[in-house]
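What follows is a set of notes on a single structure, which appears directly below.
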Amino acid sequence: MLYFSHDRSSFISSLGGAVASTPLDVVRTRVMNQKKLKAPAQVSGNGAVCTSRIYSSTVDCLVQTVKSEGPLALYKGFIPTWLRLGPWNIIFFVTFEQLKKFY
């Protein structure tokens, strides 16, 4: 019965982790994967062709995402994240408790 309470609390804590981290992961992934937009014939003073990015900053990515897709867009991939964190937390906390008893 002790493990059952650990399982439930671990799974619920993974829910909190997923709620807190999923928006940050979505923004991080979008900023990292943004493609450069090809600017038509924009040449800088030294002759290099200038390109611009979709997002100018992390905050800009967050604002553009919410404006264009709504706030729920920040939670894309929430279920897989929660289902990944749930078993990990259960294994971690049960193992941690057993190691505390052992040492």
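The values are calculated or read from the model by the stated rules, or taken from the named source; none is laboratory data. This one's a predicted model, so the numbers in the text were calculated from it and none came from an experiment. FYI the Cβ positions are ideal-geometry reconstructions off the backbone, even for glycines, and counts take in every protein chain you see.
Here is how the numbers come out for the structure above:
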{"item": "Residues of segment 63-81 satisfying the condition of being within 11 Å of Val26 (Cβ to Cβ) and of a type in the set (Val, Ile, Thr)", "result": "Thr65, Val66, Thr81"}
{"item": "Sole exception among (1) surrounded by 14 or more Cβ atoms within 10 Å (Cβ to Cβ); (2) among the basic types (Lys, Arg); (3) without any contact (Cβ under 8 Å) to a residue 12 or more places away in the chain for Arg84, by number", "result": "(1)"}
{"item": "Test: residue in segment 36-54 that is under 24 Å from Thr81 (Cβ atoms), modelled with pLDDT of 60 or more and not in a helix (DSSP H, G or I)", "result": "yes"}
